[in-house]
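To start, the structure itself, in structure tokens.
Values quoted throughout were computed directly from the atomic coordinates according to the rules given, and no laboratory measurement underlies them. Just so it is clear, the model here is predicted, and its values are computed rather than measured. Note: ideal-geometry Cβ built from the backbone for every residue, glycine included; neighbour counts use all protein chains shown.
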Number of protein chains: 2
Amino acid sequence: MDCFNCNNKNCIIKRNCHLESMKPFIAKKSTLNCKKGQNFIIEGAPVHGLYFIQEGKVKVAKTGLNGKEQIVRFTTNGETIGHRGFGAGQAYQISAVALQNTVLCNFSTDTMQQILLNVPTLTYDLMTFYAEELNRSETKVKKFAQMTVREKVIDALLYINRKYGNTNGFINVQLSRKEISDFAGTTEEQVIRTLSGLRKDKLIETPGKRICIKNVDLLRKEISEHNYFIDS
Amino acid sequence: MDCFNCNNKNCIIKRNCHLESMKPFIAKKSTLNCKKGQNFIIEGAPVHGLYFIQEGKVKVAKTGLNGKEQIVRFTTNGETIGHRGFGAGQAYQISAVALQNTVLCNFSTDTMQQILLNVPTLTYDLMTFYAEELNRSETKVKKFAQMTVREKVIDALLYINRKYGNTNGFINVQLSRKEISDFAGTTEEQVIRTLSGLRKDKLIETPGKRICIKNVDLLRKEISEHNYFIDS
DNA sequence: ACTTTTTCCTGCTTAATCGCAGGTTTTTTT
DNA sequence: AAAAAAACCTGCGATTAAGCAGGAAAAAGT
């Protein structure tokens, strides 16, 4: 599968691959198949350029004290993983793990460097991507400082629901309570307690580890004071 | 004062202003004098392009629940304020307030758009800036989720000390305890209590509202488990 | 279908943080 | 220099969140 046949319309490479100046670089793309659970970016290791998800789901995290991990982002088809590193040549402080079998596209650091210096519209797109992510991340800092545990869990559920979608209310991804807590910024027990509470309030259902959101609007309403404008 | 005489070596504009392609744009720069306390970027208002600090100090914040503000960054000479907005034309969700009398350079959204599409090295520099800030912000998310109040306050003090420097240990900026707490992600009282504790431990001195760091290394050591590699 | 393993759940205890209230010091204004 | 305002400090009770432990349920493996 090459970029021209790919239908990830929102992929930064795809959006620019019609350009004459991109042609020599697209040939240098390599493809990687990841099994569920595979840790294809290891924190502290040298950076292998940028990854793009052709098909699949990935969690991006930073490891903290006592190995406790903070998930900073969930990603899916067409999205970018592995900012920084090109240029500064510095070790990159994130890890990335496939949540299910995933096909990745990769451009090496050298190739990325060449692309960014020769394809201005792509550089512009990547700049916009980082600016948006920065905005989202700064909003998350604010939320972590101000939200209660229940609010943080609701916010996390709505984000995951938006990112991965649902079928009949069932969120289209298998996450453990631990993973939800690592994203929401609390503990596994607190996530479990909050889900129990939401279940009693008839806002969700949780058969097994699957989660079904019964009423998105009521959940949104409960955190609306924290989200004046943006979905982040 | 134009860009050629400016000595902010780390300014993104300055770094690129020798280029032929920058000439027509540099003329379009406007300058703005801000009094201490002036709120020159208002949250929710339309974006007026990018600001660069020629000389001064500025806090960048997001307003949350009940008007509680989260300071996301402190900035000084040569640094950029006002990411996002160009392109999407969206309202920009941050506010910026001068901490002292400050001279700002401004390029309008239109001019920035032109620059970014015509000066690839500048676009690349701005991309790198956002990527680094994103990395810092994601690290901050992790810290907020995992640090104790004392650790967060120490981390904040060290950041402010690095950013604004010190003379004989006295940090070169006048911040209230409230502002420190709005940055550290806790309350004014907790900051005061932590500063009292640090004073008793002979790590700092606090004559009036000024703060003098007696022992940077010991402070660093106390949060070292959270900062394996980077100063953020 | 049974066993093993993993994940999920809940009650209880402990610890950390918050928020109020009232007083003191520092800074600013007149 | 005195008065007013702002900022700083501390004790205490209330709230919230975290951590432990043991059991129940679900998922995975044989």
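For the range B:130-183, the convex hull drawn through the C-alpha positions has a volume of 88 cubic angstrom per residue. Over chain A, the hull volume per residue, using the convex hull of the C-alpha atoms, is 133 Å³.
Only one residue of A:148, A:169, A:74 has its Cα farthest out toward the positive end of the dipole of chain A, where Lys and Arg carry +1 and Asp and Glu -1 on Cβ, and that residue is A:169. Where does helix B:188-200 land angle-wise versus the long Cα axis of chain B, in degrees 0 to 90, nearest 10? For helix B:188-200, the angle is close to 60 degrees.
For residue A:202, the lysines whose Cα comes closer than 16 Å to its Cα, not counting residues fewer than 8 places off in the same chain, are A:214, A:221. State, as an integer percentage, the relative contact order of the range B:86-232 based on alpha-carbon contacts under 8 Å between residues 6 or more apart. Computed over the range B:86-232, the figure is 20 percent.
Mind listing which chymotrypsin sites (Phe, Trp or Tyr not before Pro) in the range B:1-53 are in a DSSP loop and have 13 or fewer other Cβ atoms within 10 Å?
Working: sites: B:4, B:25, B:40, B:51, B:52; in loops: B:4.
Hits after loop and neighbour filter: B:4.
Straight-line cross-link partners of residue A:163 among the aspartates and glutamates, defined as a Cα under 16 Å from its Cα and at least 8 positions apart when in the same chain: A:55, A:79, A:132, A:133, A:155, A:179, A:231.
Taken about its Cα centre, the range B:124-228 carries a charge dipole of about 440 debye when Lys and Arg each add +1 at the Cβ and Asp and Glu each add -1 at the Cβ.
Evaluate 2.2 N^0.38 Å with N set to the residue count of the range A:1-42, then give the Cα radius of gyration divided by it. Could the numbers behind the result be given before it?
On the way: Rg = 12.7 Å, N = 42, 2.2 N^0.38 = 9.1 Å.
Normalised Cα radius of gyration, the range A:1-42: 1.39.
State to the nearest 20 debye the size of the charge dipole of chain B about its Cα centre, where the only charges are +1 on K and R beta carbons and -1 on D and E beta carbons. Before the final figure, lay out the partial values.
On the way: 33 positive and 23 negative charges, 121 e Å.
In debye, rounded to 20, chain B gives about 580.
Given an 8 Å cut-off on Cα distances and at least 6 residues of separation, report the relative contact order of the range A:1-143 as a percent. Over the range A:1-143, the number comes to 31 percent. What net charge do the residues around residue A:99 carry, taking every other residue with its C-beta under 10 Å from that of residue A:99, with Lys and Arg at +1 and Asp and Glu at -1? Once all neighbours under 10 Å are counted, the net charge is +2. Here the range A:173-232 was treated as a single set of alpha-carbon atoms; its pair distances binned every 5 Å from 0 give 4, 16, 22, 26, 24, 7, 1 percent.
For the residues A:26, A:53, A:160, a GNM of chain A with alpha-carbon springs under 10 Å puts the largest fluctuation on A:26. Going through the cross-link list B:57/B:140; A:9/A:68; A:57/B:143, which pairs have a Cα-Cα distance over 28 Å in this structure? The pairs that break the limit, which is 28 Å between Cα atoms, are A:9/A:68. Each Lys and Arg contributes +1 and each Asp and Glu -1, all at the Cβ; summed about the Cα centre of the protein assembly as shown, the dipole is approximately 820 debye.
Rounded to whole Å and ordered largest first, report the semi-axes of the equivalent ellipsoid of the range B:94-232 derived from its Cα gyration tensor (root of 5λ).
Details: eigenvalues 212, 68, 38 Å².
Values for the range B:94-232, descending: 33, 18, 14 Å.
Take peptide B:70-79, look around each residue's Cβ out to 10 angstrom, count Cβ atoms belonging to other protein chains, and average those counts.
Working: counts 8, 3, 7, 1, 0, 0, 0, 0, 0, 0.
Mean shielding count: 2.
Shape analysis of the range B:42-163 yields a ratio of the Cα radius of gyration to the Kirkwood radius, Rg/Rh, of 0.98. Measuring max minus min along each principal axis, the C-alpha atoms of the protein assembly as shown give extents of 58, 56, 39 Å (largest first).
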